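Accompanying notes for the structure given below.
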Amino acid sequence: MTPASADPSRPVIRVEIAENEDVVVVRQRAREQAQRAGFSLLETTKLVTAASELARNTLEHGGGGYAELEVCTEGLRRGVRMRFVDEGPGIADPEQALRDGYTTGKGLGLGLGGSRRLVSEFEIETAPNRGTKVTVVRWK
Amino acid sequence: MDRIPILRMGRTLLVTVQVDMHDQLAVRLLDDLTMMITKTRARGVLIDISALDIVDSFIGRMIADIAATSRILDAQTVLVGMQPAVAITLVELGMALPGVRTALDVERGMEMLDDAGER
């Protein structure tokens with residue numbers, strides 16, 4: 001993934017993810033950042049939906065963690081970068097986890113693969129017992 | 001305790017989702033609706049989601065579960081008012097909500113239930 005420079009005038013918003021209601025807070029904060037980045041309604045909806053899926057993954061599979069959301073720029077383009085970090089069991093086979101329908105639990109298995117389709121860049125760092133860090137960027 | 005209100009209109013149950021639902025609230029709605037269908041002998045369920053800014057895979061699954069459960073209990077579910085941006089995103093996410101009947105707004109949803117003789 002190309003490193004996009006963070007905009008120093010725009011703060012990183014951090015949200016702790018420990019319970020169901022926190023997923024709603026992540027959605028609200030993602031919406032605010034989308035508005036700051038000047039996203040259209042459709043772009044905002046896609047970003048917020050991806051944020052919801054990834055925050056739920058952090059909660060359900062990672063046992064909780066946090067999200068960091070920021071407006072970023074690269075040349076003339078603007079976007080929103082979201083990072084979801086947990087210290088849970090990690091994922092042994094990320095490629096398999098990204099496939100639609102792959103699920104370890106009660107979900108539909110659309111969380112990772114589905115959210116990847118809703119963003120421009122998607123990166124996952126994980127290993128068994130090493131937690132999971134998912135970083136996504138959606139450009140305007 | 002947080003709950004989504006369920007209104008009864010004749011033999012139809014009307015649910016207007018007006019808050020950003022967390023997962024437990026969505027699960028509770030499925031439970032409450034299932035009990036209400038049986039208790040009121042409802043033939044139709046109308047779910048208005050025009051106030052919802054997003055529907056993710058969890059809420060989508062709850063909607064599909066409500067439709068499937070009501071069908072087993074001999075009631076028809078119609079989902080109304082989905083915003084266009086929500087529909088586009090939901091399909092891209094991989095959820096086309098098969099088996100869920102939809103209408104553009106409450107009025108058309110009611111007509112749909114009328115036509116089916118479900119009211």
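The values are calculated or read from the model by the stated rules, or taken from the named source; none is laboratory data. Just so it is clear, the model here is predicted, and its values are computed rather than measured. Reconstructed Cβ throughout: ideal geometry from the backbone, glycine too, with neighbour counts over all protein chains shown.
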Exercise for the section: Filter region B:1-36 down to residues that are part of a loop (DSSP other than H, G, I, E, B) and among the β-branched types (Val, Ile, Thr), then give me how many there are. Expected result: 3
Fill in the blank from the handout: Restricting attention to region A:82-121, the residues that are at pLDDT 90 or above, more than 14 Å from chain B (Cβ to nearest Cβ) and more than 16 Å from residue A:59 (Cβ to Cβ) number exactly 1
Handout entry: Given (1) of a type in the set (Val, Ile, Thr); (2) at pLDDT below 95; (3) surrounded by 15 or more Cβ atoms within 10 Å (Cβ to Cβ); (4) under 25 Å from residue B:23 (Cα atoms), index of the condition residue A:134 fails
Key = (2)
Handout entry: Lone qualifier among B:27, B:17 - being out of contact with any helix residue (DSSP H, G or I) (no Cβ under 6 Å at 6 or more places or on another chain) and surrounded by 20 or more Cβ atoms within 10 Å (Cβ to Cβ)
Key = B:17
Problem - Residue count, region B:82-112 (criterion: of a type in the set (S, T, N, Q) and under 19 Å from residue B:46 (Cα atoms)) - result: 2
Problem - Candidate set from region B:37-94 (those that are of a type in the set (D, E, K, R) and part of a loop (DSSP other than H, G, I, E, B)); member that is farthest from the chain's Cα centre (by Cα) - result: B:41
Handout entry: Residue identified as under 20 Å from residue A:54 (Cα atoms) and among the polar types (S, T, N, Q) among B:34, B:77, B:89
Key = B:89
Problem - Extreme residue, nearest to the other protein chains (Cβ to nearest Cβ), among residues of region B:50-66 that are crowded, with 22+ Cβ neighbours inside 10 Å and among the hydrophobic types (A, V, I, L, M, F, W, C) - result: B:54
Practice task
Scan region B:77-100 for residues that are touching a helix residue (DSSP H, G or I) at 6+ places or on another chain (Cβ under 6 Å) and among the polar types (S, T, N, Q) and report the count.
Solution key: 2
Practice task
Find the strands (runs of 3 or more DSSP E) located wholly in region A:28-140 whose residues include 2 or more that are free of Cβ contacts under 8 Å to residues at least 60 places away in the same chain and in contact with a Pro (Cβ under 9 Å, 6 or more places away or on another chain), and list them.
Solution key: A:121-126
Practice task
Under 7 Å between Cβ atoms, at least 6 apart or on separate chains: pull out the pairs that start in region A:12-26 with a residue that is more than 8 Å from every other protein chain (Cβ to nearest Cβ) and over 14 Å from residue A:82 (Cα atoms) and end on any residue that is crowded, with 18+ Cβ neighbours inside 10 Å and among the basic types (Lys, Arg).
Solution key: none
Problem - Residues of region A:27-41 classified as within 13 Å of chain B (Cβ to nearest Cβ), within 16 Å of residue A:52 (Cβ to Cβ) and not small (Gly, Ala, Ser), total - result: 6
